[in-house]
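Read the structure below first, then the notes.
The values are calculated or read from the model by the stated rules, or taken from the named source; none is laboratory data. All figures in this text were calculated on a predicted structure; none of them were measured in a lab. Ideal geometry is used to build each Cβ from the backbone, glycine not excepted, and the neighbour counts take in all protein chains shown. Remember, those area values only see protein heavy atoms, side chains included, never the ligands or the DNA or RNA. Shrake-Rupley method; radii C 1.70, N 1.55, O 1.52, S 1.80 Å.
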Amino acid sequence: MNVLLIGSGGREHALGWALAKSVKVAKIFCAPGNAGIAEVATCLTLDVSDHAAVAKFCAEEEIGLVVVGPEAPLVDGLVDSLHADGIRAFGPSKAAAALEGSKGFTKDLCQAQGIPTAGYVRCSDLATAQAAIDTRGVPIVIKADGLAAGKGVVIAQTRDQANAAIAACFEGAFGGAGAEVVIEDFLQGEEASFFVLVDGEHILPLATAQDHKRVGDGDTGPNTGGMGAYSPAPVMTDELVQRTLDEIITPTVKGMAERGMPYQGVLYAGLMITDKGPELIEYNVRFGDPECQVLMARLQSDLAELLIATCDGNLDAVKAQWDDASALCVVMAADGYPGAAKKGSVISGLLAAGQSAGVTIFHAGTKQNGDHIVANGGRVLGITAVGATVKQAQSRAYAAVSKIDWPDGFCRSDIGWRAVAREEDLA
Ligand code: AMP
Ligand code: GLY
């Protein structure tokens with residue numbers, strides 16, 4: 001069958017790379033794609049906010065599966081429109097995408113279903129929010145309710161910081177996304193991500209991962225979309241995975257179905273492993289980026305088969321096989337990221353780097369310019385390696401990074417530090 005992939009990041013390159021290995025997949029199209037995705041798919045310009053245009057393209061090219069990578073088209077209801085036209089599309093409906101699109105919705109669901117998460121209050125005006133901060137004290141976490149491209153969360157150590165954060169939200173720093181604010185208690189622990197596929201009813205656990213959100217070594221500096229990741233997450237023991245399924249994922253899937261908005265797609269749980277066990281920080285309704293790169297590097301099953309089973313409600317009939325090895329991804333970003341990043345600089349050495357042992361290079365913000373690959377965004381490359389240990393995957397990824405000649409790019413030099421330290425402690 002032919003597949004249409006939507007998106008342009010490292011996540012979509014990893015999905016396209018995995019789909020290209022499927023015996024079920026004939027041709028892959030990607031809108032808009034990037035220079036790396038162009039190696040596995042035909043990239044095209046398609047306005048994905050024009051749902052009729054996407055449906056028309058699917059009919060013309062006999063698309064048997066649409067895979068939506070990022071959250072924005074999901075929250076915008078693209079999957080609903082495609083389903084209405086009888087087109088198979090992977091991802092949740094607009095209503096179910098509220099699990100990512102509205103933090104308040106998710107917190108209320110958690111409360112109703114008894115899912116462990118930080119205590120919270122939803123506020124839609126400044127006075128209520130200030131009163132909540134006065135009562136709850138600091139540290140406290142302030143979140144814009146809606147989608148804010150990962151920038152809508154402030155961990156306030158002082159009341160002044162907390163008050164500044166709510167003022168910024170209500171003054172429109174995040175547009176409509178900040179018209180409501182969720183104020184929640186600060187959770188202490190180690191973070192981990194857990195990914196499952198859900199077909200409305202059945203749950204297929206995928207894998208665990210950890211990412212590095214801060215831009216600088218030692219987890220310092222501003223937050224980014226993610227500077228690197230590894231899978232599996234050593235903190236997620238089998239017991240914690242089972243507790244997450246029983247206490248968090250299953251009641252969510254049941255609660256969504258009971259509310260008439262059954263969840264279909266990949267569900268990405270951001271967890272805090274506290275001394276009480278796993279607690280939900282947030283849901284995302286898509287694969288993580290760069291977590292997807294490390295998941296796809298370890299996936300041995302046919303991705304198309306898993307995504308089709310998700311869409312068709314047959315997840316109870318399939319299994320996902322994983323390489324026991326560790327995978328680790330180092331993101332290379334353009335100077336300036338996460339602020340305004342410099343575009344157009346030439347990147348060389350990719351061929352040699354991609355031939356390093358155990359390494360796959362996923363492109364994010366890249367563009368083909370004549371014979372050159374040039375930077376075309378903030379996060380540009382995801383150098384991904386598998387290894388018998390996190391340490392080996394890390395060494396392999398950084399060996400490949402050293403072969404890339406890109407004076408205008410940078411990466412963190414310590415991706416995986418926590419997992420490597422854990423391995424060394426156990427050795
Ligand atoms: P979110 O966008 O909700 O994932 O939040 C971004 C980051 O803020 C998370 O990855 C955590 O590092 C941190 N965070 C969010 N909520 C909390 C919380 N209640 N307690 C501690 N840290 C949090
Ligand atoms: N890497 C974090 C995310 O995809 O949300």
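Approximating the spin labels as points 7 Å out from Cα along Cα→Cβ, the Gln242-to-Lys24 distance works out to 3.0 nm. Each Lys and Arg Cβ is given +1 and each Asp and Glu Cβ -1; about its Cα centre, the stretch 123-223 then shows a dipole of about 260 debye. Only aspartates and glutamates eight or more places from Lys94 in sequence, or on another chain, were considered; those with a Cα closer than 13 Å are Glu71, Asp76, Asp80.
Under Stokes-Einstein, with the Kirkwood radius over Cα pairs as Rh, the value for the chain at 37 °C and 0.692 mPa s is 150 µm²/s.
Taking every pair of distinct Cα atoms and averaging 1/r, then inverting, what Kirkwood hydrodynamic radius in Å comes out for the stretch 224-281? Could you put the intermediate results ahead of the total?
Details: mean 1/r = 0.0767 Å⁻¹.
For the stretch 224-281, the Kirkwood estimate is 13.0 Å.
Using a simple spin-label model with pseudo-atoms 7 Å out from Cα toward Cβ, Gln355 and Glu171 lie 5.6 nm apart.
Distance from the Cα centroid of the stretch 1-52 to that of the stretch 314-386 is 15 Å (rounded to whole angstrom). Ranking Trp322, Trp406, Trp417 from most to least accessible surface, computed with a 1.4 Å probe over the protein chains only, gives Trp417, Trp322, Trp406.
Quote the convex hull volume per residue of the stretch 1-124, based on C-alpha atoms, as a whole number of Å³. Please report the intermediate quantities before stating the final value.
Values: hull volume 17.5 nm³, N = 124.
Convex hull volume per residue, Cα atoms: 141 Å³.
Sorting Ile373, Ile383 by accessible area puts them as Ile373, Ile383; the probe is 1.4 Å, largest comes first, and only protein heavy atoms count.
Placing +1 on the Cβ of every Lys and Arg and -1 on the Cβ of every Asp and Glu, with no other charges, gives the stretch 1-84 a dipole of roughly 360 debye about its Cα centre. Per-residue SASA remark: Arg422, around 80 Å² accessible (1.4 Å probe; ligands, DNA and RNA not included). Across the alpha-carbon atoms of the stretch 278-427, the computed radius of gyration and Dmax are 17.2, 50 angstrom. Per residue, the chain exposes 39 Å² of solvent-accessible protein surface, assessed with a 1.4 angstrom probe and all protein chains in place.
Taking the alpha-carbon distance from Lys319 and a cut-off under 20 Å, which lysines remain once sequence neighbours fewer than 8 residues away in the same chain are dropped? The qualifying lysines are Lys21, Lys24.
Taking a sphere under 12 Å around the Cβ of Asn34 and counting the other residues whose Cβ falls inside, with K and R at +1 and D and E at -1, yields a net charge of +1. Given a 1.4 Å probe and every protein chain left where it sits, what share in percent of the accessible area of the chain is carbon and sulfur? Carbon plus sulfur share of accessible area: 50 percent. Packing-based ranking of 152-158, 88-94, 409-415, 314-320 yields 88-94, 409-415, 152-158, 314-320, ordered from highest to lowest mean Cβ neighbour count within 10 Å.
The stretch 377-427 gives an Rg/Rh value of 1.03, both radii derived from C-alpha positions and Rh following Kirkwood.
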